[in-house]
1. Under a plain spin-label model, where a point goes 7 Å from the Cα along Cα-to-Cβ, how far apart in nm are A:Ala18 and A:Leu365?
2. Counting only other chains, and only Cβ atoms inside 10 Å, what mean value do you get across the residues of B:71-78?
3. Go ahead and set up a Gaussian network model of chain B, Cα springs under 10 Å, then flag whichever of B:Gly36, B:Gly81, B:Gly113 fluctuates most.
4. Have a look at A:Pro292, A:Ala432, B:Ile18 and report the one farthest towards the positive end of the charge dipole of the protein assembly as shown, computed about the Cα centre with Cβ charges (Lys/Arg +1, Asp/Glu -1).
5. Would you work out if segment A:374-440 is rounded, prolate or oblate? Take a ≥ b ≥ c from the square roots of the eigenvalues of the alpha-carbon gyration tensor; rounded if a/c is under 1.5, else prolate when a/b is larger than b/c, oblate otherwise.
6. So for A:Trp185, B:Trp245, what's the accessible-area order with a 1.4 Å probe, most first?
7. When DSSP assigns beta bridges and you keep just the ones with both residues in the protein assembly as shown, what percent turn out antiparallel, to the nearest 5?
8. For A:Met20, tell me the accessible area in Å² from a 1.4 Å probe, rounded to the nearest 10.
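The values are calculated or read from the model by the stated rules, or taken from the named source; none is laboratory data. Just so you know, these numbers come straight off a predicted model, no measurement behind them. Cβ coordinates were reconstructed from backbone atoms using ideal geometry, including for glycine residues, and neighbour counts include every protein chain displayed. Keep in mind that these areas ignore ligands, DNA and RNA; they rest on the heavy atoms of the full protein, side chains included. Shrake-Rupley method; radii C 1.70, N 1.55, O 1.52, S 1.80 Å.
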Amino acid sequence: MASAFVQSFAELAPDILAAMPGSGLPWLDAFRRGQLDAFVRDGLPGTRSEAWKYTTLRALERRAFRPGDSDAAIRDVDAACLQLEGVDGPRLVFVHGVFRPDLSTLDDLPPGLTLQPLSQALAEDAEPLRFMLTRGEAQAADAFTRLNAALAGDGMVLRVAGHARIDVPVHLLQVGAPAGEDLAWHARNIVELGEDAALTLVEHHIGTGTHTHLGTQVSDVVLHARAQLAWVVLQEAPDGALLFRHDRLRLDADAQARVHALELGGALVRHEFDAELRGEGARLDTRGAFLPGGRQHIETRLDIRHLARHTASDALWRGVADKRGRGVFHGAITVAEGADGTDAALSNKNLLLSPHAEIDTQPVLEIYADEVMAAHGATVGQFDERSLFYLRSRGIPADAARTLLTLAFCRAALDDIGNEVLREHLGKRLAARLPADGETA
Amino acid sequence: MNLLTIENLHVRVAGKDILKGLSLTLGAGEVHAVMGPNGAGKSTLGYVLAGREGYEVTAGSVRFLDRDLLTMAPEERAAAGVFLAFQYPVEIPGVNNTYFLRAAVNAQRKARGEEELDSVQFLKMVREKLKVMQLSPDLLNRAVNEGFSGGEKKRNEIFQMALLEPKLAILDETDSGLDIDALKQVAEGVNAQRDPQRSFLVITHYQRLLDYIEPDFVHVLADGRIVESGDKELAKKLEAHGYAWVAESGEPAGAA
Ligand SMILES: Nc1ncnc2c1ncn2[C@@H]1O[C@H](COP(=O)(O)OP(=O)(O)O)[C@@H](O)[C@H]1O
Ligand SMILES: [Mg+2]
């Protein structure tokens, strides 16, 4: 017997498939159908699956979602909530995974930047997207990636031409809105930077009000030789939202990516970040902070693979759990045979603010090459009582002192964001999530 | 009214009785030195006055002006005018020193119902006080105490005292680990802040500091009690004869 969750898709999805952007293309129809069948056949992973050990989906199995939102194009969204300090370039807004031209600004794109919704790209010429879209087929995809492959008909397609250095940040927004029922939405992004291209991408997840929808987003990002990507993610979905994101990043020779993620919202959030450093000299820096409070469950999974010589990766992540919040961090680094001279570092420190909070962290390092420099460490601890007393002894009230120390704890994960205004904004958003805002200063 | 009245104070730390009936009275504007061997409970006295958790008062009382100090939270004590210069100032990575100092000054002002300082007013005040302590302004841009030398940490404590203008300053071995020049600097900083409205409890292991900060009274703390009190001559006697002399002459019979 399929679970309520699976059934809600099995029943309605075939009709939806027929009406999706790009349907009618034989290869795409077959691919989507195949992904949906595989999802229905295998259902949701159980906790016996190693990758889902700390994230139970049992409660999710009993819930049903309406696949797709026929009102996505007309849902009321206050344009003011789309603004992000320090980010004033082109903007793509999706509501429940559906492109909203009325909320987006795509005029006057700088030379070298192509930016359009996937729905439009599929209508114009789907063939160039074929490789990327069907990529998931060959991989061992999980339930949510399959759902996304089957049912995502929209998303962002972004290309930067070789040697084009785009100096305005591109702002991608995924918006959830209250609706009469629980919705499931899906978004599929494709990002490609040509040789020597440079781009800043700001990905922002928000809600216009409380809802308990489920969203999936899969992003494929390809950096050709010497391309440079700065990618900042601010995830502040409403507290009841479920969000499953899967990023797959490929770096060619001497390409560089700097990723910052601040995970604040959602009831159940899982972010999988896979990266392949395929070209010699490629470099990846990932930083992030996740702050599960209330009854939130926030998981981050890194899978960083060094496949070429002299590649480097540095991961620095901070977790702060409050109340009954639950954090999970899985940081896997693999240095493949032949990837000699690799330099890989991973640090994950976690802070528990309440006796009921929990964070599980697993650093995993596998090395099959020579002359590798690798360091990784993970800790879970409480407030340093001495620091707290020192601040209080100077007159700073206990709550404000805790906020100050928590911000300090997370700061290392955010303080090298190049956009100063955005960096300070993220700091403020982070502070606003903490038990008491540090107002004294 | 006395500024501070400690009566028969008993304090237990980690299941062990450390202070065992300590009594001490400070008048406004007085400088009292508390001397004693390592492990006597000097830092414990400082911590318990500042309100550190884990220091359990099992008997006795502490009055600060007309208030029961022991019922107050550490931040309330600070706002009321208690300041502890730590024996080991804490490094707090990620917290900017200027931000911290302004947060502290304004939190205290707010608690006392005074106007908070804006950043211009605050920086003006900081510059004035920095000069007195001869601290390099770039310490302000670093994280609290992070990477400070031993001497810088101690001077930073006295600098904080200058900013916070307490009524009672407890200096816990502010002299330890300092060379003679640094010691003089710290003493000058302290002397510059002597005031008829400000009292000092100067905790030290050595008499040396008292050559530069002249105390009105000297007390010897041993085995959790004040075993001897006198004027500054007592410090000289201690220097000449060592703490063993106090144990013989001052401690109640039967104590080890
Ligand atoms: N946090 C603590 N946990 C356990 N024992 C402590 C603690 N603080 C102090 N002590 C003990 O209390 C005694 C007095 O310590 P302290 O007040 O630091 O002495 P002093 O400052 O005079 O050298 C010592 O025996 C010390 O080991
Ligand atoms: Mg001591």
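1. 5.6 nm
2. Numbers: counts 0, 0, 3, 12, 12, 3, 3, 7.
The mean count of partner-chain Cβ atoms within 10 Å per residue comes to 5.
3. Of B:Gly36, B:Gly81, B:Gly113, the most mobile in the Gaussian network model is B:Gly113.
4. Selected residue: B:Ile18.
5. Details: a/c = 2.36, a/b = 1.19, b/c = 1.97.
Since a/c reaches 1.5 but b/c is at least a/b, the shape of segment A:374-440 is classed as oblate.
6. B:Trp245, A:Trp185
7. Details: 35 of 183 bridges.
Counting only bridges with both partners in the protein assembly as shown, antiparallel ones make up about 20 percent.
8. Surface open to solvent at A:Met20 totals about 20 Å².
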